[in-house]
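Q: This is the structure I want to talk about, given as structure tokens.
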Amino acid sequence: MPDTHPSASAPSKASDLLVAALEREGVEYIFAVPGEENLDLLESLRTSSIELVLTRHEQGAGFMAATYGRLTGKAGVCMATLGPGATNLATAAAYAHLGAMPLIMITGQKPIKKSKQGQFQIIDIVNLFDPICKMSKQIVHGNTIPSLIREAFRTAEEERPGAVLLELPEDIAAEETDTSVLQPHPRHYAVAGDEVLNEAAEMIRSAKMPLLLVGAGANRRKARSALCDFTDLIQIPFFNTQMGKGVVDERSDLFLGTAALSDGDYLHCAIDRADLIINVGHDVVEKPPFFMEEGGTKVIHVNYKAAQVDRVYFPQLEVVGDLAQSITRLGKILGGPLDFDRSYFQRVKRETDEHISEGADDGRFPVIPQRLVADTRKVMDECDIIALDNGIYKLWYARNYKAYQPNTVLLDNALATMGAGLSSAMMAAKLNPDRRVMAICGDGGFMMNSQELETAVRLGLNLVVTVLNDSAYGMIRWKQAHAGFGDWGLEFNNPDFVQYAGSYGATGHRIERTEDLLPTFRKAFDAGGVHLIDVPVDYSENQRVLIEELADKVCLI
């Protein structure tokens, strides 16, 4: 590809310089709903190597860009206009900020040097976004663009990743500039020192019943190989958080389960019995899978950054540095399998596996969650991807769906926003055209951004969208019942989802018998293109299994 980047000897428009800087950073896509304040930037993109992906709502653009960052480690880029266009990115910014996804948002603004439009559509976007971004700045001169773009990408991508906002006023975008873009340089994380690694190794050797916890941070930086080698080497039982799913293959005999609930699950019997937890990639945005107490279980914190200490998390040792290198070097110090007492953990694993297998073949209709999860797992290969919106079904998938590879279960246990599942799946499908991708959405969450079906069809994606239909905000309704309140205020009517899909050019299917679910999944994937499957669900199992059955369980003595 020829080098079209502006140089100091060739003055150019600031918007051209910005696009050149984005190209130099390796940007492949910009997801956007442009406005008139973006027109100079849009014209500069027209002749660039960057693909413009037009979405139907700014949230869709932001969620797709954030998911690009999540899956690649490189900042995704989205664009919106001023005022309402920019404010519509706020949820996506918070999604990336809490979920640790590198995201850069470029928003427009009226001229800042001279304007005859008063305050029309103008609000202080830079300060509005500051609390939910790692950096939020207005571009006030074209010559500052190269350094601002370089700083934006560095800030968004370095640990802990997150969102950055740059506001480009239309008069700045149109002005001439005489500077050139900057060359990105690779970043390297510091390595934990020998002294702390030796201390960690001694704590592990001294433990009788240690556990390894894989958190969200381990899913961000390709730590799979190091963690797989470590668990196999010392034969340590492990569990994960929802956003740590798949880092280590959950088919392993050492895998005890996913901490989908904060406490009270079968897995927590093992957590309560452990005398040491090696907490790898802990992220404070996730609900803690255990609560520390003075004099209780010891914790080793292994992460890129120091622990954020609070009343329930105060690790006795912190191994800070490149996560994969820390784990690899720790394994070399330990040398091989250690003489742990694994018998109790093995019993808990058997109990857990039996518990989550119940209902996998249940033929009741509407479909119960256990059967839904089981049929989903049957149709997806080990590298295929499910993207979950937010609702009670997310807990069922986190507990019952075993992940075999990193980032094959995309869920949001940070902001936990409704409406992101479809866009997240669309990005996964665009990046991975040879893998099966399924969006799994409640009817409430799906309808928040359902218009992006048109975008998915226009992009020619291969995507199955499973809509779980109970005509209610099901999770809140369940919590309402659990709190002893009356069943009121949370039901609604849905469109005919089959016709709705067809109106966008997608193919709709309606499940009318539970035995048709798996064949319909297979038929949709085999056909290719965008398919929506309307699945009536029965959530009565929420109360029986997640409340009553767990309350009656007795941890093994």
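The values are calculated or read from the model by the stated rules, or taken from the named source; none is laboratory data. None of these values were measured; they are calculated from a predicted model. Cβ sites come from the backbone with ideal geometry, for glycine too, and all protein chains shown count toward neighbours.
Q: Starting from residues that are farther than 17 Å from LEU22 by Cβ and in contact (Cβ under 8 Å) with a residue 40 or more places away in the chain, keep the ones in the range 55-65 and report whichever is nearest to the chain's Cα centre (by Cα).
A: Among those that are farther than 17 Å from LEU22 by Cβ and in contact (Cβ under 8 Å) with a residue 40 or more places away in the chain, it is PHE63.
Q: A further question on this structure: Filter the range 405-452 down to residues that are of a type in the set (D, E, K, R) and over 10 Å from the mean Cα position of the chain (by Cα) and give me whichever is farthest from VAL530 (Cα to Cα).
A: ASP443
Q: Of the conditions (1) in contact with a Lys or Arg (Cβ under 8 Å, 6 or more places away or on another chain); (2) assigned by TED's automatic domain parsing to the domain that holds GLY26; (3) crowded, with 16+ Cβ neighbours inside 10 Å, GLU158 satisfies every one except a single condition; which number is it?
A: Result: GLU158 passes all but (3).
Q: Separate question: Please count how many residues of the range 519-557 are β-branched (Val, Ile, Thr), modelled with pLDDT under 95 and surrounded by 13 or more Cβ atoms within 10 Å (Cβ to Cβ).
A: Matching residues across the range 519-557 total 2.
Q: Now for a different question. Only one residue in LYS114, LYS137 is surrounded by fewer than 16 Cβ atoms within 10 Å (Cβ to Cβ), of a type in the set (D, E, K, R) and either over 20 Å from the mean Cα position of the chain (by Cα) or under 15 Å from THR81 (Cβ atoms) (or both), so which one is that?
A: LYS114
Q: Are there helices (runs of 4 or more DSSP H) fully within the range 1-73 with at least 3 residues that are modelled with pLDDT of 95 or more and closer than 18 Å to THR455 by Cβ? List them.
A: Fully inside the range 1-73 and qualifying: 58-72.
Q: Please find, among LYS305, LYS287, LYS332, the residue that is outside any loop (DSSP other than H, G, I, E, B), of a type outside the set (Val, Ile, Thr) and assigned by TED's automatic domain parsing to the domain that holds GLY215.
A: Testing whether each residue is outside any loop (DSSP other than H, G, I, E, B), of a type outside the set (Val, Ile, Thr) and assigned by TED's automatic domain parsing to the domain that holds GLY215 leaves just LYS332.
Q: Now a separate question. Go through ASP275, ASP339 for me and flag whichever is closer than 21 Å to PRO237 by Cβ and touching a Ser or Thr at 6+ places or on another chain (Cβ under 7 Å).
A: Testing whether each residue is closer than 21 Å to PRO237 by Cβ and touching a Ser or Thr at 6+ places or on another chain (Cβ under 7 Å) leaves just ASP275.
Q: Can GLY85 be described as surrounded by fewer than 24 Cβ atoms within 10 Å (Cβ to Cβ), of a type outside the set (A, V, I, L, M) and either assigned to a helix (DSSP H, G or I) or without any contact (Cβ under 8 Å) to a residue 40 or more places away in the chain (or both)?
A: yes
Q: Do we find that ALA174 is hydrophobic (A, V, I, L, M, F, W, C) and either in the same structural domain as VAL140 (by TED's automatic domain parsing) or touching an Asp or Glu at 6+ places or on another chain (Cβ under 7 Å) (or both) in this structure?
A: For ALA174, the condition - hydrophobic (A, V, I, L, M, F, W, C) and either in the same structural domain as VAL140 (by TED's automatic domain parsing) or touching an Asp or Glu at 6+ places or on another chain (Cβ under 7 Å) (or both) - is met.
Q: Consider only pairs whose beta carbons are under 9 Å apart and that are at least six residues apart or on different chains; among these, list those whose first residue lies in the range 145-156 and is among the charged types (D, E, K, R) and whose second residue is in a helix (DSSP H, G or I).
A: ARG150/ALA21; ARG150/ARG24
Q: Which one is surrounded by the most Cβ atoms within 10 Å (Cβ to Cβ), of the residues in the range 316-345 that are farther than 30 Å from GLU195 by Cα and touching a residue at least 40 places away in the same chain (Cβ under 8 Å)?
A: Applying the filter and picking the extreme gives PHE345.
Q: Run THR466 past the list (1) within 17 Å of LEU422 (Cβ to Cβ); (2) of a type in the set (Ser, Thr, Tyr); (3) over 28 Å from the mean Cα position of the chain (by Cα) and report the number of the one that doesn't hold.
A: (3)
Q: Also, I was wondering about something else. Only residues that are among the hydroxyl-bearing types (Ser, Thr, Tyr) and free of Cβ contacts under 8 Å to residues at least 40 places away in the same chain: list them for the range 216-238, please.
A: Correct list: THR231 only.
Q: Moving on to the next point. Give the residues of the range 504-557 that are in contact with a helix residue (DSSP H, G or I) (Cβ under 9 Å, 6 or more places away or on another chain), closer than 26 Å to ASN462 by Cβ and among the acidic types (Asp, Glu), sorted by residue number.
A: Passing the criteria: only ASP534.
Q: In the range 140-154, how many are under 21 Å from the mean Cα position of the chain (by Cα) and more than 16 Å from CYS78 (Cα to Cα)?
A: Of the residues in the range 140-154, 1 are under 21 Å from the mean Cα position of the chain (by Cα) and more than 16 Å from CYS78 (Cα to Cα).
Q: Can you name every residue in the range 247-284 that is closer than 21 Å to LEU546 by Cα, under 24 Å from the mean Cα position of the chain (by Cα) and assigned to a loop (DSSP other than H, G, I, E, B)?
A: ALA259, ALA260, LEU261, SER262, ASP263, ASP265
Q: Right, something else. Determine whether ALA387 is buried (at least 24 other Cβ atoms within 10 Å of the Cβ), closer than 19 Å to MET243 by Cβ and among the hydrophobic types (A, V, I, L, M, F, W, C).
A: yes
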